[in-house]
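Colleague: First the structure, then my questions, so here it is.
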Amino acid sequence: MVSKEQILIWLEDVKDPEIPVLSLIDLGVITEVVVDADQVTVEMTPTFVGCPAMDYMKLEVETLLKTKGITPHVNISFKKPWSSDLISEKGKAALKKYGLAPPPSNKVFTDLEILETAICPSCDGDNTEMKSPFGPTLCRALYYCHDCKEAFEQFKPL
Amino acid sequence: MDHTPLKELLYKMADDQLILGHRNSEWTGMGPLLEEDIAFSSMAQDKVGQSLALYTLLHELGESDPDTVAFTRNANQFHNCQLVELPNQEYDFSLIRHFLFDTAEALRFEMLTRSSHQPLAQLATKIRGELRYHTLHANTWIKQLGSATPESISRLQKSLEYALPFALGIFETSLYEKELIAAGIFEGEQALQQKWLAKIESILSQTSLQLPDLKLIQPIVGGRQGKHTEHLQPLLDEMSEVFKIDPTAEW
Amino acid sequence: MYGGGNTFEGIKTDSIATEDPTKLAEFEARIERGEKIEPADWMPQLYRKQLIRMIEQHAHSEIIGALPEGTWITRAPGFKRKMSLMAKVQDEVGHGQLLYSAAETLGKPREQMIEDLINGKSKYSNIVNYPTFTWADCCFISWLVDAGAIVNQLANAKGSYGPYCRALDRICAEESFHLKYGHHCVIYLASGTPKQRQMFQEALNRWWPPMMHFFGPSDKISAHTEVLMRWKVKMGTNDEMRNQFLDMYVPKIWELGFTIPDPKLKRVKRQVSGNTLNLIGKNLSA
Ligand SMILES: [Fe+2]
Ligand SMILES: [Fe+2]
Ligand SMILES: [Zn+2]
């Protein structure tokens, strides 16, 4: 049987269907990989309960592992619910490079006022303003950078 | 163990989310502002997704699969409160309903994070985080429009007075209050209503809107027992329209 | 969703003569080198004007385009389809939001753009005006109208204006998800009951002519756009875009066993890197 490490390396190739630079591992929706004697189990959890891409992500994980000769059990549950804090440092850097502001730590998200500004991914400034807590997709909010004079999206803290 | 009380709780919550999710989705493409369009669409997605998660819990307790449960029952088998089935009407009513309902919903899930039914507590932990964005959205607009112009204030005030009797119907007493409380599944509708009242009072007090004396209002109940307005069945018919074209088909 | 076809009818290039020749030369050299033009950079009046027009039309098309599919959200069959459709339609409105922001960087406020849309001064893709009679119409849009939009948007993403390109990069990533969703929906209709197949065939018959118009009039009759191509505002001719779409999607539609209502489409065998593929030859403008 292959090692868990090997499987994690393979799974690096499965990306968020709407953010092609972010792997599911870095996004944090793959919460666990268990390798038993004859079975590989992948635990997944959606970013948002209403995430429409969950089925597709599950399918991609299964398809990829099948090309490696593995038929995994893929479970989707809320046992270990997703939080934006689960996005890896590598994932956050990739988001920023892609032009999406990475989420601030969820721990500061006790008071919603904190959401009024975000760090602009292109100039790193905070002369910004929230336009709407609901951006183009469920997981993003919309901001405006007064210095760049350009709108940008932030991956929401959750 | 008898799951009837738990199931009744899950059904009413799931039905609330499903129906209000559909109503919210009717704003998609129609919002008074692009941002509002997107906000109501996002909340619609959250709510429909949350209803699916709740129907899935019911399925695990032996009920039919989520699609069957959600899209083949008739109005008298639905347990949502009547507030959520009312047509969207003007934006002021949609906004007031969103404020009154989502405040209650956010508090309900907050309470349920402590539920003795583990799967529900886990789901509630997840949903609570999402609902913060809903209440943030509602509170922002209520505070802004509730203190803006004479027209915005009077419109919201009128909608508030119209919606309140329905909103009190959210907390219609369940047949199983005692069992749910005793089993530690849910702290009960009364406890929820008290928290809700404190919350909406605190937001409304920051606006020019007046909260009427709730003691003088007769709550509109019955939704939890399958009694609905004439608006629910047409929506359900719409929801099953494609299925009915060819019941043997997979879509 | 945006085909981009009718954007550039009869542009006047007179204003170029009044631009500072040194700046103009530097501007053109930058574009030639593949650099992006940013909001604060110098640009010719015509460049600014045409970009505003194009991005604005694109944004309007996304917003209006949400309506024919949006009406199917309540009716979408089952949770899986419904949640994807909700997300998809919202994405489209979100695209409008991103694109209006990109156009605003060129100096036209969003309110003005919306006003011009309402009073009929600015255009948008005509395809979004067609009604959706059945669920199959909605599936046609999600798969094929989005496919057409992707062809156009992928090309435009290689253009010269930074904010528009960045918006398009993200938009294209989402569109590819729409395409997958739409394709799945159509596969289910294709492999479903006779009634389902018939529904999609009828939708295809209704939507094919507007789908062809989506890419704009034939190059033979559309206006001269040489300067806009040089400035990388327009990234391909109408016929190039249309043909790219036909090459990619006609075989896929045939593969599912549907008939395309255009007798001039022909199957031709073409040798591609060792494999024989079914491609098509066409003669639309005849
Ligand atoms: Fe789009
Ligand atoms: Fe799309
Ligand atoms: Zn900036």
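The values are calculated or read from the model by the stated rules, or taken from the named source; none is laboratory data. Predicted, not measured: the structure shown is a model, and the values here were computed from it. Positions of Cβ are generated from backbone atoms using ideal geometry, with glycine treated the same way; all protein chains shown enter the neighbour counts. Just so you know, the surface numbers come from the protein's heavy atoms only, side chains and all, with ligands and any DNA or RNA stripped out. Shrake-Rupley method; radii C 1.70, N 1.55, O 1.52, S 1.80 Å.
Colleague: Averaged per residue, what accessible surface does chain B expose to a 1.4 Å probe, in Å²?
Modeller: That works out to 38 Å² per residue.
Colleague: Here is a follow-up. Return the Rg/Rh value of chain B, two decimal places, where both radii are evaluated on C-alpha atoms and Rh is the Kirkwood radius.
Modeller: With Rh from the inverse mean 1/r over Cα pairs, Rg/Rh is 0.96.
Colleague: Using a cut-off of 11 Å between beta-carbons, work out the net charge of the residues near C:Ser15 (Lys and Arg +1, Asp and Glu -1, C:Ser15 not included).
Modeller: My count for the surroundings of C:Ser15 gives +1.
Colleague: Test of understanding: what is the full-extension gain from A:Leu59 to A:Gln39, defined as 0.36 nm times their sequence separation minus their Cα-Cα distance?
Modeller: Fully extending the segment from A:Leu59 to A:Gln39 adds 5.5 nm.
Colleague: Determine the gain in length on full extension of the stretch C:Asn119-C:Ala40; use 0.36 nm per residue of separation and subtract their C-alpha separation, reporting nm with one decimal.
Modeller: 25.4 nm
Colleague: I'd like the Kirkwood hydrodynamic radius of the stretch C:97-195, using the inverse of the mean 1/r over distinct C-alpha pairs, in Å.
Modeller: Hydrodynamic radius (Kirkwood, Cα pairs) of the stretch C:97-195 is 15.5 Å.
Colleague: Filter A:Lys131/B:Lys143; A:Lys58/B:Lys244; A:Lys156/B:Lys12; A:Lys79/B:Lys195; C:Lys12/C:Lys234 down to the pairs with a C-alpha to C-alpha distance above 18 Å, please.
Modeller: In this structure, A:Lys58/B:Lys244; A:Lys156/B:Lys12; A:Lys79/B:Lys195 exceed 18 Å between Cα atoms.
Colleague: Further question on the same structure: Hey, what do the phi angles of the stretch A:147-158 turn into as Karplus ³J(HN,Hα) couplings, whole Hz, using 6.51/-1.76/1.60 and θ = phi - 60°, x for Gly and Pro?
Modeller: Computed from phi, the couplings for the stretch A:147-158 are 7, 7, 6, 8, 7, 8, 10, 10, 5, 5, x, 8 Hz.
Colleague: Grab the other residues whose beta carbon is less than 14 angstrom from that of B:Gln118, score K and R as +1, D and E as -1, and report the net.
Modeller: The answer is +3.
Colleague: For the protein assembly as shown, what ratio Rg/Rh do Cα atoms give with a Kirkwood hydrodynamic radius?
Modeller: Answer for the protein assembly as shown: 0.98.
Colleague: What does the helix-only formula give at 222 nm for the protein assembly as shown: each DSSP H stretch with n ≥ 4 adding -39500 (n - 2.57), the total divided by the residues, and the result rounded to the nearest 500 deg cm²/dmol?
Modeller: The helix-only estimate for the protein assembly as shown comes to -17000 deg cm²/dmol at 222 nm.
Colleague: Might you list the cysteines of chain C that have no disulfide-compatible partner by the rule of another cysteine's Cβ under 4.7 Å?
Modeller: Here C:Cys138, C:Cys165, C:Cys172 come out as lacking a disulfide-compatible partner, given the Cβ-Cβ threshold of under 4.7 Å.
Colleague: Let me confirm one metric for peptide B:24-31, namely the mean number of other chain beta-carbon atoms within 10 Å of its residues' beta-carbons.
Modeller: Per residue, the number of nearby Cβ atoms from other chains is 6 on average.
Colleague: Which of the GluC sites (Glu not before Pro) across the stretch B:143-251 are loop residues per DSSP, with 10 or fewer other Cβ within 10 Å?
Modeller: B:Glu230
Colleague: Buried accessible area for the A:B pair, summed, 1.4 Å probe, in Å² rounded to 100?
Modeller: Interface area, both chains combined: 2000 Å², rounded to the nearest 100.
Colleague: Quick one: which residues, 5 or more positions from B:Ser208 or on another chain, have an amide H under 5 Å from its amide H? H modelled 1.01 Å from N in the peptide plane, none for Pro or chain starts.
Modeller: Answer set, sorted by chain and number: B:Ser147.
Colleague: While we're here: Considering only protein heavy atoms and a 1.4 Å probe, what is the carbon-and-sulfur percentage of the accessible area of the stretch A:41-108?
Modeller: Carbon plus sulfur share of accessible area: 57 percent.
Colleague: Another question, then. Let me know the mean shielding of C:131-140 by other chains, meaning the per-residue number of their Cβ atoms within 10 Å of its Cβ.
Modeller: Per-residue shielding by partner chains comes out at 1.
Colleague: At a 10 angstrom cut-off on C-beta neighbours, averaged per residue, how do the peptides A:141-148, C:186-193, C:39-46 rank from highest to lowest?
Modeller: A:141-148, C:186-193, C:39-46
Colleague: Next question, about the same structure. Summarise the long-distance tail of P(r) for the stretch C:1-112 by giving the % of C-alpha pairs beyond 23 Å.
Modeller: I get 46 percent for the Cα pairs in the stretch C:1-112 exceeding 23 Å.
Colleague: Just the number please: accessible area per residue for chain A, 1.4 Å probe, all protein chains included, in Å².
Modeller: Heavy-atom SASA per residue in chain A reads 44 Å².
Colleague: Taking amide H positions as placed 1.01 Å from N in the peptide plane, with prolines and chain starts having none, which residues 5 or more places from C:Asp219, or on another chain, fall under 5 Å of its amide H?
Modeller: C:Asp239
Colleague: Same structure, new question: Provide a whole-number value for the mean count of partner chain Cβ atoms within 10 Å of the Cβ atoms in peptide B:130-137.
Modeller: Going residue by residue through B:130-137 and averaging, the value is 5.
Colleague: Report, to one decimal in Å, the Kirkwood hydrodynamic radius for the stretch A:4-82 based on all distinct Cα pairs.
Modeller: Every distinct Cα pair counted, the radius reaches 12.5 Å.
Colleague: Here's another thing I want to ask about it. Pick from B:Leu33, B:Leu18, B:Leu123: which residue has the top mean-square fluctuation in a GNM of chain B where Cα pairs under 10 Å get a spring?
Modeller: B:Leu33
Colleague: I need two numbers for chain C: Rg to one decimal and Dmax as a whole number, Cα atoms only, in Å.
Modeller: When restricted to Cα atoms, chain C yields Rg and Dmax of 19.8, 66 Å.
Colleague: Roughly how big is the B-C contact, given as buried accessible area in Å² (both sides, 1.4 Å probe, nearest 100)?
Modeller: 2800
Colleague: At 7 Å along Cα-to-Cβ for each site, give me the label-to-label distance between B:Thr149 and B:Thr173 in nm.
Modeller: 4.6
Colleague: Can you give me the Kirkwood hydrodynamic radius for the stretch A:22-158, using every pair of distinct Cα atoms, in Å to one decimal?
Modeller: Its Kirkwood hydrodynamic radius stands at 16.2 Å.
Colleague: Share of chain B's accessible area from carbon and sulfur, percent, 1.4 Å?
Modeller: Whole-percent figure for carbon plus sulfur exposure: 54.
Colleague: Additional query: How would you order B:129-139, C:234-244 from highest to lowest mean count of nearby Cβ atoms within 10 Å?
Modeller: The packing order, highest mean first, is B:129-139, C:234-244.
Colleague: Give me a comma-separated list of calculated 3J(HN,Hα) values for the stretch B:235-248, in order, Karplus coefficients 6.51, -1.76, 1.60 applied at θ = phi - 60°, integers in Hz, x for any Gly or Pro.
Modeller: Once θ is set to phi - 60°, the couplings for the stretch B:235-248 become 5, 5, 4, 4, 5, 9, 3, 5, 3, 6, 4, 8, x, 8 Hz.
Colleague: Through the Karplus equation 6.51 cos²θ - 1.76 cosθ + 1.60, θ set to phi - 60°, convert the phi angles of the stretch B:67-75 into ³J(HN,Hα) values in whole Hz; use x for Gly and Pro.
Modeller: Per residue, the Karplus-derived 3J(HN,Hα) values read 4, 5, 5, 6, 10, 10, 7, 8, 3 Hz.
Colleague: Please compute the net charge surrounding B:Arg155, taking Lys and Arg as +1 and Asp and Glu as -1 over other residues with Cβ under 14 Å from its Cβ.
Modeller: My count for the surroundings of B:Arg155 gives -2.
Colleague: Let me ask something additional. Roughly what % antiparallel, to the nearest 5, for the DSSP beta bridges in the protein assembly as shown?
Modeller: For the protein assembly as shown, the DSSP antiparallel bridge percentage is about 75.
Colleague: Can you list residues from other chains, or at least 5 along the same chain, whose modelled amide H is less than 5 Å from the amide H of C:Tyr161?
Modeller: It is C:Ile37, by chain and number.
Colleague: If you don't mind, another one. Quickly rank C:204-210, A:5-11 as a protection proxy: mean count of other C-beta atoms within 10 Å, highest first.
Modeller: Listed from highest to lowest mean packing, they are C:204-210, A:5-11.
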